[in-house]
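Q: Provided herewith is a single structure, encoded as structure tokens, for subsequent inquiry.
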Amino acid sequence: MSLVKLTNFECHYEFENFGHDQVIIFSNSLGTDFSMWEKQVDILSHHFNILRYDTRGHGLSTNDKEALTIAELGQDVIELLDQLQLEKVTFCGLSMGGLIGQWLGINHPKRFEKIILSNTASKIGNAEGWNARIDQVAKNGLASILEGTALRWFTEDFRNNHSNEVDAILEKFAKNSLKGYCANCAAVRDADFSDQLQDIEVPTMIISGIQDEVTTVEDGKFMAKRIPDSRHFELNAAHLSNVELGEEFSKYIIFFNQH
Ligand SMILES: O=C(O)CC1=CCC(=O)O1
């Protein structure tokens, strides 16, 4: 485990150098941590050096703010890359990580070879829904939304057949800092890149989950239509498609890297 002090927080990350020229950085979704990318590591270790980090306020990364913005979380990525002296990398983010990826593509295109936006949208949900969720967890704790979270994140089939895996991910979810979770809910609530997608010049791959009811295939199509150099794929999964279909998800990254 590595910790680095960035301007605004202490960042928990893991950089695995497999001796390649290329680096891929993975950015987690709301309420998870960098272990969500476990299934990508083995396969992608043949192609990339791999950098995974806990977004501010998640896992072991600290946070002292009540509300964050996607711009702040994007700037954290740039600072982490600077600290590790990584000039240009491929970025892969899921859901909130995909919002961060859109901000990076718009604001720091020179730092990214390619961008993967998975199970995300240019705008996720609405302010009413996010404020209700913040109120709910502030009053009743993260454990009070475990059931709904499981339903959004995984298909029924995956929940039934991989219950240990699902339980382990949810256990980590419940252990997140409440303040960190709420601050990141605010970041997702306030982000909307719908009018800036055409400014993303970095080659981009969008992955949607056919059974994802949070960020839908339609959301993926919306982004693909506007991001000039983009392609769009669909996986038969719910929101955490990289967990449900780890191998397939990784193979899309390898394909995108080579074409
Ligand atoms: O937990 C959810 O509702 C799904 C989600 C929205 C943004 C994110 O990163 O995950």
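The values are calculated or read from the model by the stated rules, or taken from the named source; none is laboratory data. All figures in this text were calculated on a predicted structure; none of them were measured in a lab. Heads up, the Cβs are rebuilt from the backbone with ideal geometry, glycines too, and the neighbour counts pull from every protein chain shown.
Q: For GLN198, all conditions in the list (1) over 16 Å from the mean Cα position of the chain (by Cα); (2) surrounded by 16 or more Cβ atoms within 10 Å (Cβ to Cβ) hold save one; what is the number of the exception?
A: With respect to (1) over 16 Å from the mean Cα position of the chain (by Cα); (2) surrounded by 16 or more Cβ atoms within 10 Å (Cβ to Cβ), GLN198 is out only on (2).
Q: Here's a check for you: in region 117-146, which residue that is of a type in the set (D, E, K, R) and within 12 Å of the ligand (Cβ to nearest atom) is farthest from PHE173 (Cα to Cα)?
A: The extreme case among them is LYS123.
Q: What's the total number of residues in region 151-173 that are in contact with a Gly (Cβ under 8 Å, 6 or more places away or on another chain) and either free of Cβ contacts under 8 Å to residues at least 12 places away in the same chain or more than 12 Å from the ligand (Cβ to nearest atom) (or both)?
A: Here the count works out to 1.
Q: Moving on to the next point. Kindly list the number of the only condition in (1) surrounded by 18 or more Cβ atoms within 10 Å (Cβ to Cβ); (2) at positive phi that fails for TYR53.
A: (2)
Q: Does THR90 satisfy the criteria of being more than 20 Å from VAL4 (Cα to Cα), within 14 Å of the ligand (Cβ to nearest atom), at pLDDT 95 or above and hydroxyl-bearing (Ser, Thr, Tyr)?
A: When the stated conditions are applied, THR90 does not pass them.
Q: Further question on the same structure: Specify the residue that is farthest from the ligand (Cβ to nearest atom); the eligible residues are those in region 201-234 that are assigned to a loop (DSSP other than H, G, I, E, B) and buried (at least 18 other Cβ atoms within 10 Å of the Cβ).
A: The residue in question is PRO203.
Q: Identify, please: which residue in region 158-187 is touching a Leu at 6+ places or on another chain (Cβ under 6 Å) and within 17 Å of ALA71 (Cβ to Cβ) and is, among those, surrounded by the fewest Cβ atoms within 10 Å (Cβ to Cβ)?
A: Selected residue: ALA183.
Q: May I pose another question? Any residue at all in region 106-115 that is within 15 Å of the ligand (Cβ to nearest atom) and of a type in the set (A, V, I, L, M)?
A: no
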